[in-house]
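In what follows, a single structure is set out as structure tokens and then discussed.
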Amino acid sequence: MIVLGLVLIALGGWREGLPNLVVAAGGFFVAWGLHRQLAKRSAGLARPVPHFLPDPTLSWLRRAHNAIGVWALPKGRKHKALTYYQSVDPAAGLSPDATELLRVRLRTAPRETVSTVERLDAGTLVSESNERLTTALLLRPGPTPGALEQAREDLRHLLESLGRRSVIRALEEANVAPVESVRSMALRLAHQIEHQAGVRVAVALAEPGGVRVVAVSPSADQRLVGRLVPPDSPVASVARGEREAFAAKGNVFGVEETGGARDRRRGHEGRVAIQGIRTADATLGAVAYWRPRGGTVHLSATAEISECIRRAAPRIKASHEHEAMGLQATLDPLTRLRNRRGFEGVTRRIGEAEGALIYADLDELKRLNDTLGREAGDAALVHFTEILRQEIRLGDIPGRLGDEEFALWLPDASLADALHVAERIRASLTSTPWAWNGRSWPLSASFGVSACPETTKKRDDLPTQAKAALARAQAAGRNRVEAAPAAKG
């Protein structure tokens with residue numbers, strides 16, 4: 001399965017910016033056919049280290065056939081989506097001139113799909129080509145008919161997979177509008193880096209309110225997701241473009257742990273390497289990565305990580321711009337939560353019929369504004385927003401409906417779950433010190449909770465019920481959580 005995974009990475013175009021599952025599913029049978037033959041004939045060969053295309057795939061293919069060389073290249077000069085790839089046995093004695101003549105011969109093959117076997121002085125050249133691409137193996141002299149047929153079969157697999165890769169790159173060059181969210185792309189980047197380099201990864205992106213961790217790899221601490229990075233941390237400075245790259249020790253995320261039990265025992269003594277996510281004209285964020293047991297990430301792995309980030313950056317930027325265009329009218333400019341229009345729009349599209357709705361009001365906001373000023377009130381709202389984000393699940397949807405009025409939709413959550421979340425937010429707000437210009441000010445909020453099916457059988461009734469429950473919490477003295485009455489019948 002390790003070999004299959006590497007072949008999927010190399011042939012399936014994992015690195016090219018389309019969703020992993022789509023590419024892997026499309027290339028599975030092609031890659032599996034090639035893998036099955038390579039596995040049979042490569043027994044005893046040392047497992048290679050994962051690497052970028054064209055290797056280890058072409059080297060595997062060459063060694064599996066004991067061939068002099070293998071090539072994959074486009075036909076003619078118009079098709080630039082695929083740079084030529086080759087793997088030649090250095091001990092075979094093939095001169096550079098002979099290698100170049102072979103490339104020219106293959107590049108100028110007929111336009112139609114063709115399969116050829118040619119006897120040359122150096123050996124037997126087996127090729128498979130379509131209207132765009134050519135793949136070829138130069139076998140040693142005197143191959144058996146079975147070896148020729150097996151070479152043709154493997155080349156057909158390679159041709160089909162590389163054809164898919166060229167389409168992927170052509171889509172990139174055409175700047176096709178992205179359909180994948182920024183968070184999804186960041187998550188895929190984190191998974192890819194962990195898989196290839198064996199490190200834990202956190203991806204942080206710059207936003208108006210600071211630098212936020214938007215994705216982590218599977219073995220990293222999932223509590224990092226959604227957390228604002230301390231503004232004076234190395235991660236934040238790289239994400240803002242103030243540093244090219246950085247390596248630091250210890251806590252760079254503002255939490256005590258950055259991974260599993262081993263990290264907690266060690267206090268995360270290892271070095272955290274940080275690289276910026278950059279395009280030609282912008283710095284988007286940063287990728288932080290570290291070895292699970294501490295120590296320095298090997299230079300070759302660092303090169304692979306840099307290449308992953310370089311390839312992902314343009315598409316992350318395009319997705320960010322795409323999202324910004326669509327969300328501009330639906331986001332609250334202060335808190336960056338969905339406004340009423342955005343919140344109601346997205347909750348209507350959510351498929352889950354069951355779930356819980358929380359309405360919350362920041363208590364005494366008018367008094368705060370009158371005493372400390374409007375800027376202080378805005379800062380208090382942002383403070384409450386950060387607590388809200390930290391205390392909810394990744395799939396929960398927060399929104400700001402009015403001046404001090406907030407809403408939170410918890411898909412597929414029970415009334416008991418929602419009451420627990422609301423109480424946790426309330427307690428966190430009251431227990432977190434807050435001050436403005438050196439003057440402490442106690443903050444609190446009131447909450448109303450409704451849920452389907454516990455308080456109503458109709459989801460459309462949830463807002464009215466949550467608002468009524470919120471009014472009861474405010475009338476009872478504020479700084480409390482109230483639930484809507486249970487549904488009758």
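Projecting label points 7 angstrom from Cα along Cα→Cβ for Thr430 and Arg311 puts them 5.3 nm apart.
Give me the percent relative contact order of the range 331-483, please, defined on Cα pairs under 8 angstrom at least 6 residues apart. Relative contact order comes out at 29 percent.
Amide hydrogen proximity for Arg338: with H placed 1.01 Å from N in the peptide plane, the residues at 5 or more positions away or on another chain lying under 5 Å are Asp332, Arg400. Classify the range 373-489 as rounded, prolate or oblate from the Cα gyration tensor: take a ≥ b ≥ c as the square roots of its eigenvalues, call it rounded if a/c is under 1.5, otherwise prolate when a/b beats b/c and oblate if not. Judged from the Cα gyration tensor, the range 373-489 comes out prolate (a/c at least 1.5, a/b above b/c). A protection proxy built from the mean count of other Cβ atoms within 10 Å ranks the segments 296-307, 212-223, most packed first, as 212-223, 296-307. Working ranking of peptides 87-96, 286-295 by packing, defined as the average number of other Cβ atoms within 10 Å per residue, highest first, is 286-295, 87-96.
In this structure, the amide hydrogen of Glu482, modeled 1.01 Å from its nitrogen in the peptide plane, lies closer than 5 angstrom to those of Phe447, Gly448, Val449, counting only residues at least 5 positions away or on a different chain.
Here, each number is a calculation from the coordinates, and none is a lab measurement. Treat the numbers as computed from the prediction; the structure is a model and nothing was measured. Don't worry about glycine lacking a Cβ; one is built from the backbone with ideal geometry, like all the others, and counts go over all protein chains shown.
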